[in-house]
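Asks: Would you mind keeping the following structure in view while I ask a few things?
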Amino acid sequence: MTGIFGEEHHHHPSHTDPLAALRAPGDPPWDVYLTGTVFLDIVFTGLDSAPVRGTESWARGMGSSPGGVANMATALARLGLKTCLAAAFGDDHYGEYCWDEMEQGEGIDLSTSRRVAGWHSPVTVSMAYEGERTMVSHGHEPPPEAPGPLCPPRARAAVASLTPGRRAPWIGKAAHHGTRVFADVGWDETGAWDPAGLADLEHCEAFLPNAEEAMRYTGTDCPRAAAHALTEYVPLAVVTLGAEGAYAVDRRTGESAGVPAIAVEALDPTGAGDVFVAGFVTGTLADWPLADRLAFAGLTAALSVQEFGGSLSAPGWSEIAAWWRRVQSYEDQDPAALGRYAFLEGLIPEAPAEPWPRRRAVPTIGFRGSP
């Protein structure tokens, strides 16, 4: 869609269905349900330095896209999962743009979302410079009747962002109906870092904090020890280690796995955490081995950070396929590193569905550190 934002973006929903082999009559209508706040994100890129008071800075690039919970919804939909989002949308231009981009552009089901008359869509303006990010946001709480439905729809999985000290009643309801809940968490503004404040973890199958969050919640000084400690609260703990990859422990099988990160030139880390979660949810619903799920989540996150913008940069299967074909063509690839991703062979589309997107840099599989 073109319109108030200039550049045209066309992303068609994925034609690869990672759950094709598992689908059966009587399945829930949705693979993943999520709820939250959608922002309009306006991202300025190519700034040489921080904006200076009293001056005008010109950015070499800019992009707009739905942000906030839309980053997660888009990442899931592009991986071929039937995604249902409950959110409030303003009836202003920004709200209309976000609704159309998600429903028409990404194939996300918004039947549980609603448009709120007279409500101003939340907006975030983000400036990228010196490898960092500065954001200015504006928004009002939506009217109390505007968030998701009281009873979440039937779905195989749900993604929840936990708020320390607050329960979200829909999480327990979803879990009660057999939905597998995957949770991440925001920074604990209270500074308590008490796992008891994450009461809804009792309803969750998996918890995916970053290393810093995991260590603070468990009082450990090693992210791997933190992952083991977290299995006291949730069956599956996945801790992301930034440039060192990710580590996971499954209490039910006693299995643990660590997978190193793919070395990439990170242009913009916005939304990489959401893309990681989306990749992990996809692999879990498809019943892949734990290490493959971690590798896939890390790969999708690595592909996303080479592009500006949150939801716009989430990779689909055509990008994953193009990357896989490309890295195999390099002479100096480490066979063990390639072997880590061999599971992609049976999943990716045969022929390139579309040419390698020119706007992405090409990552090689240089592994950093050891698993």
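The values are calculated or read from the model by the stated rules, or taken from the named source; none is laboratory data. What you see is a predicted model, and the numbers here were worked out from it, not measured in a lab. Don't worry about glycine lacking a Cβ; one is built from the backbone with ideal geometry, like all the others, and counts go over all protein chains shown. For accessibility, only protein heavy atoms count, side chains too; no ligands or nucleic acids. Shrake-Rupley method; radii C 1.70, N 1.55, O 1.52, S 1.80 Å.
Asks: What dipole magnitude, in Debye to the nearest 20, does the chain give about its Cα centre under +1 on Lys/Arg Cβ and -1 on Asp/Glu Cβ?
Replies: Dipole of the chain, to the nearest 20 debye: 560 debye.
Asks: Along its three principal axes, how long is the range 14-122 when you only count alpha carbons? Whole Å, largest extent first please.
Replies: 63, 33, 19
Asks: Something else about it: Taking the Cα centre as origin and putting +1 on Lys and Arg beta-carbons and -1 on Asp and Glu beta-carbons, what dipole magnitude results for the range 73-181, to the nearest 20 debye? Please list the in-between numbers first.
Replies: On the way: 11 positive and 12 negative charges, 169 e Å.
It comes to approximately 820 debye.
Asks: Within the accessible area of the chain, what % is carbon and sulfur when the probe is 1.4 Å and the other protein chains stay in place?
Replies: Reported share for carbon and sulfur atoms: 54 percent.
Asks: If you take the square roots of the eigenvalues of the alpha-carbon gyration tensor of the chain and sort them as a ≥ b ≥ c, do you get rounded (a/c under 1.5), prolate (a/b over b/c) or oblate?
Replies: Numbers: a/c = 1.25, a/b = 1.06, b/c = 1.18.
Cα axes put the chain in the rounded bin.
Asks: Around D41, which amide H atoms from residues at least 5 apart in sequence, or from another chain, sit under 5 Å from its own amide H, with H modelled in the peptide plane?
Replies: S65, G67, T124
Asks: How far, in nm, would the chain grow between T163 and Q104 when pulled straight, counting 0.36 nm per residue and subtracting the alpha carbon separation?
Replies: Once the chain is fully extended between T163 and Q104, it gains 18.2 nm.
Asks: In a solvent-free Debye calculation with one equal scatterer on each Cα, what is log10 I(q)/I(0) for the range 72-174 at q = 0.11, 0.15, 0.19, 0.24 Å⁻¹, listed in the order of the q values?
Replies: -0.42, -0.78, -1.17, -1.38
Asks: Can you tell which of C222, C204, C84 shows the greatest fluctuation in a Gaussian network model of the chain with Cα springs below 10 Å?
Replies: Ranking C222, C204, C84 by mean-square fluctuation puts C222 first.
Asks: Students sometimes get this wrong: rank L79, L338 by accessible area, probe 1.4 Å, all chains present, largest first. Walk me through the numbers on the way to the answer.
Replies: Working: L79 5, L338 35 Å².
Correct descending sequence by accessible area is L338, L79.
Asks: Using the alpha carbon gyration tensor of the range 213-307, what are the three equivalent-ellipsoid semi-axes (square root of 5 times each eigenvalue), largest first, in whole Å?
Replies: Working through the eigenvalues yields semi-axes of 22, 16, 10 Å.
Asks: Also, quick follow-up: Ignoring everything but the protein chains, give the 1.4 Å probe accessible area of W317 in square angstrom, nearest 10.
Replies: The accessible area of W317 comes to roughly 10 Å².
Asks: Go through T83, T37, T218 and list them by solvent-accessible area, largest first, probe radius 1.4 Å.
Replies: On the way: T83 0, T37 60, T218 35 Å².
Reading off the accessible areas and sorting them downward yields T37, T218, T83.
Asks: Another question, if that's okay. Give me the percent of DSSP beta bridges within the range 33-160 that run antiparallel, rounded to the nearest 5.
Replies: 50
Asks: Find me the longest stretch of the chain that has none of the exposed GluC sites (Glu not before Pro), where exposed means in a DSSP loop (not H, G, I, E or B) with at most 10 other Cβ atoms within 10 Å.
Replies: It works out to 190-264.
Asks: Based on alpha-carbon centroids, what's the gap between the range 25-64 and the range 79-153 in Å, whole number please?
Replies: 11
Asks: Out of all DSSP beta bridges with both ends in the chain, state the antiparallel percent to the nearest 5.
Replies: 50
Asks: Another question, then. Residues in the range 311-330 near a label at E350, defined as backbone nitrogen under 17 Å from the 7 Å Cα→Cβ point?
Replies: 318, 321-322, 325
Asks: What percent antiparallel are the DSSP beta bridges of the range 157-270, to the nearest 5?
Replies: Antiparallel: roughly 50 percent of the beta bridges in the range 157-270.
Asks: Running a GNM on the chain with Cα contacts under 10 Å, which residue among H228, H140, H203 ends up with the highest mean-square fluctuation?
Replies: Highest fluctuation of the listed residues: H140.
Asks: Rounding to the nearest 20 debye, state how big the charge dipole of the range 111-160 is about its Cα centre with +1 on each Lys and Arg Cβ and -1 on each Asp and Glu Cβ. Working shown, then result.
Replies: Details: 5 positive and 4 negative charges, 78 e Å.
For the range 111-160, the charge dipole is close to 380 debye.
Asks: For the range 286-308 and the range 186-217, compute the distance between their C-alpha centroids and round to whole Å.
Replies: Here the answer is 22 Å between Cα centres.
Asks: Give me the 1.4 Å probe accessible area per residue for the chain, excluding ligands and nucleic acids, in Å².
Replies: Accessible area per residue, the chain: 45 Å².
Asks: Over 19 Å, how big is the tail of the calculated P(r) for the range 92-142, in percent of all Cα pairs?
Replies: In whole percent, the share of Cα-Cα pairs in the range 92-142 beyond 19 Å is 44.
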